[in-house]
Structure formats: structure tokens, C-alpha cells
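This report concerns only the one structure given below.
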Amino acid sequence: MKKRPYPITDMTGGINTNRDPILLQDKESPNAVCVRIEDGIIKKDMGWVAIGLPLLGTPMMIDTYYKSDGIYRVLCFTTTSAYRWDTTLNEWVDITYGAEICDCESAWTASASMTSTAATDAYKRGSKSAKHVIDAAFTTGLASYFNFASKDLTGWDQIHLWVKSSIALDAGDIQLLLDDTNACASPIETIDFPALVADTWTRVSLTIAVPASCGAIASVGLNIAVDKGACTIYLDDIRAVLESTGDITDSYSGTAFMDTYIVTNYKDVMKKYDGTTDIMQILGGTPPKAKSITTFMNRLVCCFTNETAVDHPFKVRWSDPGTIETWTASNYLEASDNSEWCVALRTIGAKCALFKEMSIWDLQYIGGTVVFQLTMRINQVGTMAPSTIANLRETLLFFGYDGIYNYDQTQVQCISDNIYPSLFRTGTKTVNLAAVRSFCGMYTEELHEYWVSLCELGNTYPSLLYKFSLESKSFVKRVNLPITCIGYMERTADMPKWSTTSDLWSTSISSWASRSLPPNAATILVGYNTGQIYEDDRSTTTTEEFVFETKDFMFGHACRVVECRVKARYGGYTLYYSTDGGATWIAGTTFGFVVDWVEHVYYINITTQQIRFKVSTTEPNIEIRWIEPWVLSRERSKLLITT
């Protein structure tokens, strides 16, 4: 009897942990990490490129705000601060609510044994920075200062600025001075800088010890507290700010109303940004604090409010029509038909959905003195994870209490059955559901995928990313990625063309059908808990481990598995096998890099009743068309003698 193949040519089923691996469909996998499903085959997922330097605080929300004149701003809000992306500087610019102290566009007044200039060779905002060259003869004391018309800083509690030192500095080696007299003659604030890495621009946040004493600040200075010898220190964009006060569980919500962007995190008063004045401002009028806001029927609508320091978890309140800063006291309703608290508001088509903990409601426009009314659409399905709600044209995707759902304004459909045990089942779940308010998600239109970042057991920060393909209806995952928010930005640079690229066909690891992005397409941004923002530019690779496991091949009785064939390119990679359901793995063989498609053959020659294969690599790219074990029946296997 001849050996016979067991081919798996469709590998697009994604992860299924809801069935025994023996019972999986051929196209499904018990484990697929750093995998993407594309063009009917599996490939290694892409890496991400850092954009800008790390932000202050933990990134909580990335949003793109469009104005009527066609100008748009990519905004990022952290637990403490607010930023916009500057395409000229290629940097995140601080727009946190506050007041400028010194823009560092002019030279400061220097003490002896040092010089101060307005440097054009290194800066982070505007076109210059304050450069301080300190001679070895300078020991300690006031190095330089800058005078200005007195400013009232009593409303602010932190100083934000950029700093770079030519040498490494310990915390407290240098200090920022604030004084209500010129030349920092008698500083009222002496604030230590943190430790600094040499030759690295760093954002710092310095605490004002006594803001009440800063009612007429007239000068700012640089003080050398510890003699470090000769060095050069750059300072830029010094501003007093009032930082936000929430933490990772206090999700942000934002919306554009006409040409103004409004944001809330419930802990602080609502703020606005007009895209022109490069700083956040407090929203005028008497708006409440709120968990969630949206624009609907020419009104700013919010839910779960805090008014005069009292929580109103059932309240839906709205502004007067056509304005965001006039709030009539009677403009509200109570969503108190059940005991569930309001969680989030989302516009969907021409409607507005109110998510509660275990239900979904329509907010319907009535007009007249009633204005709005609520109608329950879905019972026993809601969300406690507002940042996972993603808009997919006329539907909404979200993470619920017992599944990931698609809501089409009429009914909900669970899309996560295949990974239910990993998410919810006691004893097998890997997700910390107690940290659900820290989860985040987004629909990625260019890839037609829903991404959701979750906290693993024992963690309060997200670290596990699931991607659901709406084309193949399948899940894959990424691990050890501390993603706290997901957003997008428009790509403005042209993609490389074969007619202009310097790459050769023989060395290229891309294909004509690879999922690159056209000019002006939206690229995905992810924020890490380190403060760093990354862009999925669809060209950057990663050294993260790619892992793809097949189902368990069950032969009914012991058969001889003589070989395994893998149709692949790029790599290299290692092929493993397991005869105990993935409990232990045996490294079979390693195959090297190849440019074009090759069928690799591993001669295994073992007798077993079941077998599973795994492909693993940390190389930047791999593509696999099929994995194909070849077996002999039991009768034929008895005739073979091995030594």
C-alpha cells in the first residue's frame, strides 16, 4: 500500500479553542499567534513603527477630528495629557489645557562660563530651542534665565517641557526655577528634573509645589544643582498645565460638533479644541461631567453624568440645539427602566444607540418639548467596555459580558464562539474580566478586521490582542502587546512602486497582492502603556514569534506518519510535531530562507495514533500555502522495520 497524503490547503479558519483539537475543521487551528490570513493563505503579521517620542501618561484614546475646511487633526489623549500629531515636525505636540511660560524661540540670559542661544539645530516645537552650553569651569548655581511679562499660573499644577542633555544626568542634577521677580533672583519654585538619558529628547512633567504662590511669575531659569562638568542642555516648549486626573479605567469619549472637538473622561470637566488655537480649553456653559458623549440631532448628548458632585448613572442629558455651551436644566431623561447603569452612546447611521451594562437602547428624536425618548432594542446583551465599541458602517462591534457581538440596530450576533473558552469559561479563560473597562477595540476598514485588546489574567493593563477577520470569520492573536488604545490617521506619503523601487525580484519579500496601503489610506495607530504610539504602516516587519499549529490528526488506530510537507516561502522556520495534543513538542527540522514557493519535506517516520504540527519562526516574513502529513495505514506499517 502506498503512502497517502492528508492535505490541508485551506488554512483560513483561524483559532478555535471551543472544540477538542481532534474535532477541529481542517482549516482551523488551536493556536495562531502573529498570523494574518490573506489571499487564502497564512502569513506572518506585520510589525509597527514608532511615530514620535513617548507621551506623558498612558494613551487612552486616538481620534481623527475633521473640520469643515478639510483640515483634520489626529488627536491623542492620555491619562494626564492631550496631544495632536504635527506632520511638519513629525511629532506629537502638547495641547494639554494650560498656558505657555516660554516658547524657547529666543536666547536666554546666561551666567558666566556658559552661553545661551536660540538653537535651530535641535528643537521640538516652533523652529528653535533654548540651548545652554555649560563650560567645565561652571560649577553650580543659576546657569541662565528668561524674563517675560508676569503670568498667573495659580490655575495649573504641572510644568510640561522638552529637555535634552549631551550627558546622562541623575534626578535632581538640574532644576527648573520659577520666580515672581526678574532674573530668577529669589525663586519661589525650584523643581528637580528627573534622570535623563544622554543625547535624547525627553518630555518631562514637573510638579509645581505651591501653585497658589505663582500668581505673577516673571522669569524662568535653569539651575545646575550638581557639578557635572561641561555639557549642553536644550529646553523647549515650557508650559504650565492642569493634567487630567483619571486612570486606565476611566475611558475617554470624544466627538466633533461642527468645527469643535469635545472630550470627556468623567473625572474632569469637559474640554474643547478648535484645531486653530493650539491648546485645549474648558467647555463653556454648564455641561456636566459625563462617561460618554456623542453628536446627535444637532446636539451634544451625554450619559452617566456627574452634576454638582452627584453621580447620575441613569441620566442622558443634551445641550440646546446648535450649541455645545448652552445647557437647559430640563434637557434630560432618566434611563431607569431597569437597574443597569448607562455605559456609552454611539451614533449608528441616522440613529443613536445607548449601551447599558446588559441592554442596548435606541435614543429616538421626537422633537417638541420631549426632544428624545428611549426604546429598548436588545435585552441581556450590553457592555461594560465602552472603548471596545467600534463603528462598522451600519453596525457596531463590541465586547460584551459573554461574547464579542455585532449589533445591526435590530439584533445582535455573537462572533466569538470559537474563542469562548479563552475569553469566558472558568478554568480555561485567559482574560481578566475584572479589568474590562481597560479593554479597547477598533474596526480597521482597510483590513476589514475588528481588533480588540484585552487584559490577561493577573494584569490590569491590556496585553493580548485578538483580530477578527470579517472576510474569513476567523480569529488570530498577538501576545505581549500592551495596547491601551487604537485609532487611525491618514497616510499622506506615496507607496513605493515596482517602476521606482531599487529592490530586485530576487531579494524582495513582498508580492503584488500584499496588503500595502495606497496614498491617503487610513493607517492604524496603537498606543502602548509606555506612552509610545506606533503605526501599522503595512511595511514594517517584526521579530515576534510566528506560531501556527494544525489540528490534531487522529487516525483511529496507530499509523506510521512517514513525512510532512509544507508549501512555504521566505522564513526560515522550524517544524515541530506533538503526539500528545500539544503538551510537549519535538523539534523536527529547520528550513532556511527561500525566495519563491518551495515544498519542504520533513521525513518523520514514527508510529502514532494522533499528531499535530507547529510552524514557528522569528524571521521577518513567512507565507504558507499548505501543511500536508503523509501516512501509511496500519497494515502497511507492520511491514516496515526501522533501526
Roughly speaking, what is the stretch gain from Ser106 to Arg4, that is 0.36 nm per residue apart minus the C-alpha to C-alpha distance, in nm to one decimal? 28.8 nm
Taking only the alpha-carbon positions of segment 110-248 as identical scatterers, the Debye log10 I(q)/I(0) at q = 0.09, 0.12, 0.21, 0.22 Å⁻¹ comes out as -0.25, -0.45, -1.39, -1.50
Neighbours of Pro7 by Cβ distance under 14 Å: Lys/Arg at +1, Asp/Glu at -1, summed charge +2
Using alpha carbon centroids, what distance separates segment 34-111 and segment 152-195, in Å? 25
Projected onto their principal axes, the Cα atoms of the chain stretch, largest extent first, over whole-Å spans of 99, 73, 49
Once fully extended, how much extra length lies between Asp274 and Thr88, figured as 0.36 nm per residue of separation less the alpha-carbon to alpha-carbon distance? 65.0 nm
Which whole-number value in Å² is the accessible area per residue of the chain, probe 1.4 Å? 40
Could you calculate the FRET efficiency of Ser186 with Ala230 from 1/(1 + (r/R0)^6), where r is the beta carbon distance between them and R0 is 25 Å, rounded to 0.05? 0.30
Nitroxide proxy distance, nm - points 7 Å out along Cα→Cβ at Ala212 and Val601: 8.5
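If you wrap a convex hull around the alpha carbons of segment 227-285, what volume per residue comes out, as a whole number of Å³?
On the way: hull volume 8.6 nm³, N = 59.
Dividing the Cα hull volume of segment 227-285 by its residue count gives 146 Å³.
What does the net charge come to around Gly215 if you take all other residues with beta carbon closer than 10 Å to its beta carbon, with K and R at +1 and D and E at -1? The partial results should precede the final answer.
On the way: positive: Lys151; negative: Asp152, Asp180.
In short, -1.
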Please turn the phi angles of segment 220-235 into ³J(HN,Hα) values with the Karplus equation 6.51 cos²θ - 1.76 cosθ + 1.60 (θ = phi - 60°), one per residue in order, whole Hz, x for glycine and proline. 10, x, 10, 10, 9, 8, 10, 5, 10, x, 5, 6, 10, 10, 9, 10
Taking each pair of different alpha-carbon atoms in segment 263-368 once, compute 1/r for the pair, average those values, and report the inverse of that mean as the Kirkwood hydrodynamic radius in Å to one decimal. 14.2
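Report relative contact order for the chain in percent, whole number only (criteria: Cα-Cα under 8 Å, sequence separation at least 6). Write down the numbers at each step before the final one.
Details: 1756 pairs, mean separation 98.2, N = 643.
Once divided by the residue count of the chain, the mean separation gives 15 percent.
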Ala230's amide H: which non-local residues (gap 5+, or another chain) put their own amide H closer than 5 Å, with H modeled 1.01 Å from N in plane and none for Pro or chain starts? Ala136
Can you figure out the FRET efficiency of Ala136 with Thr375, using R₀ = 51 Å and their beta-carbon distance, to the nearest 0.05? 0.10
Taking 8 Å as the Cα distance limit and 6 or more residues as the minimum spacing, I'd like the relative contact order of segment 417-484 as a percentage. 24
The lysines whose Cα lies under 30 Å from the Cα of Lys291, excluding any fewer than 8 residues away in the same chain, are Lys67, Lys267, Lys271, Lys272, Lys315, Lys351, Lys356, Lys429, Lys467, Lys477
Starting from the Cα of Asp259, step 7 Å toward the Cβ, then list every residue of segment 46-81 with an amide N under 20 Å from that point. 64-75
Inter-label distance, nm, simple model (7 Å from Cα along the C-beta direction), Phe593/Ile282: 5.9
Non-local amide H neighbours of Arg538 (under 5 Å, H modeled in plane, Pro and chain starts lacking H): which ones? none
Residue-by-residue Karplus 3J(HN,Hα) for segment 353-366, coefficients 6.51, -1.76, 1.60, Hz, glycine and proline x: 9, 9, 8, 10, 5, 9, 6, 10, 10, 8, 8, 9, 7, 10
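Give me the percent relative contact order of segment 156-238, please, defined on Cα pairs under 8 angstrom at least 6 residues apart.
Computed over segment 156-238, the figure is 46 percent.
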Based on alpha-carbon centroids, what's the gap between segment 550-583 and segment 385-403 in Å, whole number please? 37
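Sum -39500 (n - 2.57) across every DSSP H segment of at least 4 residues in the chain, then divide by the residue count to get the 222 nm mean residue ellipticity, nearest 500. Walk me through the intermediate numbers first.
Working: 2 runs with 9 residues, N = 643.
It lands at 0 deg cm²/dmol.
Quick check: net charge around Ser186, other residues with Cβ under 15 Å of its Cβ, Lys/Arg +1 and Asp/Glu -1? Present the calculation step by step, with values, prior to reporting the outcome.
Details: positive: none; negative: Asp179, Asp180, Glu189.
So the surrounding residues net to -3.
Once the piece of chain linking Ser336 and Glu490 is laid out straight, how much longer is it, given 0.36 nm per residue of separation minus the C-alpha distance between them? Before the final figure, lay out the partial values.
On the way: separation 154, 0.36 × 154 = 55.44 nm, distance 4.09 nm.
Taking Ser336 through Glu490 to full extension adds about 51.3 nm, to one decimal.
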A correct Karplus calculation of ³J(HN,Hα) over segment 45-57, with 6.51 cos²θ - 1.76 cosθ + 1.60, θ = phi - 60°, whole Hz and x for Gly and Pro, returns 5, 7, x, 10, 10, 5, 10, x, 9, x, 8, 7, x
Could you pull out every residue, at least 5 positions away or on a different chain, whose amide H is within less than 5 Å of the one on Gly285? Hs are placed 1.01 Å off N in the peptide plane, and Pro or chain starts have none. none
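Assuming a ≥ b ≥ c are the square roots of the Cα gyration tensor eigenvalues, decide whether segment 173-283 counts as rounded (a/c under 1.5), prolate (otherwise, with a/b larger than b/c) or oblate. Let's see the in-between values first.
Values: a/c = 2.32, a/b = 1.83, b/c = 1.26.
Here segment 173-283 falls in the prolate category.
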How large, in percent, is the carbon and sulfur part of the accessible surface of segment 1-106 at a probe radius of 1.4 Å? 50
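The values are calculated or read from the model by the stated rules, or taken from the named source; none is laboratory data. For clarity, every value in this text was computed on a predicted model and none was experimentally measured. Glycine also receives a Cβ, built like all others from the backbone with ideal geometry; neighbour counts cover every protein chain displayed. We work out accessible area using only protein heavy atoms, side chains counted, and drop any ligands, DNA or RNA first. Shrake-Rupley method; radii C 1.70, N 1.55, O 1.52, S 1.80 Å.
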